[in-house]
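Since the structure comes first, as structure tokens, the remarks are kept for the end.
The values are calculated or read from the model by the stated rules, or taken from the named source; none is laboratory data. All figures in this text were calculated on a predicted structure; none of them were measured in a lab. We place every Cβ from the backbone using ideal geometry, glycine too, and count neighbours over all the protein chains shown. Accessible surface is based on the protein model in full, side chains and every heavy atom, while ligands, DNA and RNA are left aside. Shrake-Rupley method; radii C 1.70, N 1.55, O 1.52, S 1.80 Å.
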Amino acid sequence: QVQLVESGGGLVQAGGSLRLSCAASGRTSGSYVMGWFRQAPGKEREFVAAINWSGRSAYSTDSVKGRFTISRDNAKNTLYLQMNSLKPEDTAVYYCAARIGATIYSRTSDYPYWGQGTQVTVSS
């Protein structure tokens, strides 16, 4: 299986930036999509962004467009989420996820591999 470990979360003031990383290990060969989800207290886990194997296709939810950038470095088996202009409503546990295939989906159920999550807290 694939193991995913997130890092880079922390406390930041509104308007600040963070870069999350997700290191993948195990069976990482072949085409697979990697993405980021987040879950705020009392809310459902929601899709943030995802990117395919080549990096040519990437999608993000409307609330983060223009602020967050997803990327991946396949040589390092690492997924990134650059988060700029952070807002208090971005506060959540951010999860890295992966699925085998080329199609980008936005449902949590479409991703069988998950990291443990990393906390992002944005103060006002």
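Please verify whether S17 is of a type in the set (S, T, N, Q) and without any contact (Cβ under 8 Å) to a residue 24 or more places away in the chain, treating the condition exactly as stated. Reasoning before the result, please.
Numbers: of a type in the set (S, T, N, Q): yes; without any contact (Cβ under 8 Å) to a residue 24 or more places away in the chain: no.
When the stated conditions are applied, S17 does not pass them.
Residues that are farther than 19 Å from L11 by Cβ and in contact (Cβ under 8 Å) with a residue 60 or more places away in the chain: does the stretch 60-74 have at least one?
no
Could you check L81 against (1) modelled with pLDDT of 95 or more; (2) farther than 25 Å from V2 by Cα; (3) not in a helix (DSSP H, G or I) and say which number it fails?
Here L81 meets the rest and fails (2).
Within the stretch 59-73, how many residues are assigned to a helix (DSSP H, G or I) and open to solvent by 40 Å² or more (accessible area, probe 1.4 Å)? Don't jump to the end; show me each part of the working.
In the first step, residues of the stretch 59-73 are kept if they are assigned to a helix (DSSP H, G or I); the result is 62-64.
Next, only the ones that are open to solvent by 40 Å² or more (accessible area, probe 1.4 Å) stay: 62-63.
The number of residues fulfilling the criteria is 2.
Looking only at residues in the stretch 8-36 that are of a type in the set (G, A, S), assigned to a strand (DSSP E or B) and surrounded by 14 or more Cβ atoms within 10 Å (Cβ to Cβ), which one is nearest to the chain's Cα centre (by Cα)? Please lay out each step first, then the result.
Step one: filter the stretch 8-36 for residues of a type in the set (G, A, S), giving 8-10, 14-17, 21, 23-26, 29-31, 35.
Now restrict to residues that are assigned to a strand (DSSP E or B): 10, 21, 23-26, 35.
In the following step, the residues that additionally are surrounded by 14 or more Cβ atoms within 10 Å (Cβ to Cβ) were identified as 21, 23-24, 35.
Values: S21: 8, A23: 11, A24: 12, G35: 5 Å.
Restricting to residues being of a type in the set (G, A, S), assigned to a strand (DSSP E or B) and surrounded by 14 or more Cβ atoms within 10 Å (Cβ to Cβ), the top hit is G35.
What's the number of the only condition in (1) buried (at least 21 other Cβ atoms within 10 Å of the Cβ); (2) farther than 14 Å from R19 by Cα; (3) among the hydroxyl-bearing types (S, T, Y) that Y94 fails to meet?
Of (1) buried (at least 21 other Cβ atoms within 10 Å of the Cβ); (2) farther than 14 Å from R19 by Cα; (3) among the hydroxyl-bearing types (S, T, Y), only one is false for Y94: (2).
Quick check on my filter: what residues within the stretch 37-58 are touching a Phe, Trp or Tyr at 6+ places or on another chain (Cβ under 7 Å), part of a strand (DSSP E or B) and farther than 16 Å from G117 by Cβ?
Hit for the stretch 37-58 is A50, nothing else.
Pairs needed: first member in the stretch 28-45, polar (S, T, N, Q); second member anywhere, open to solvent by 60 Å² or more (accessible area, probe 1.4 Å) and part of a loop (DSSP other than H, G, I, E, B); C-beta distance under 9 Å; at least 6 residues apart or different chains.
S31/W53; S31/S54; S31/A102; Q39/R45
Being over 13 Å from the mean Cα position of the chain (by Cα) and within 19 Å of G30 (Cβ to Cβ) is the filter; apply it to the stretch 106-120 and report the residue that is surrounded by the fewest Cβ atoms within 10 Å (Cβ to Cβ).
Only one residue fits best here, namely P112.
When only residues in the stretch 37-57 that are on the phi < 0 side of the Ramachandran plot and modelled with pLDDT under 95 count, which is surrounded by the most Cβ atoms within 10 Å (Cβ to Cβ)?
It comes out as N52.
Does any residue of the stretch 109-120 turn out to be assigned to a strand (DSSP E or B), over 20 Å from Q3 (Cβ atoms) and not hydrophobic (A, V, I, L, M, F, W, C)?
no
Test each condition in (1) within 11 Å of the chain's Cα centre (by Cα); (2) modelled with pLDDT of 95 or more for L86 and report the one that comes out false.
Exception for L86: condition (1).
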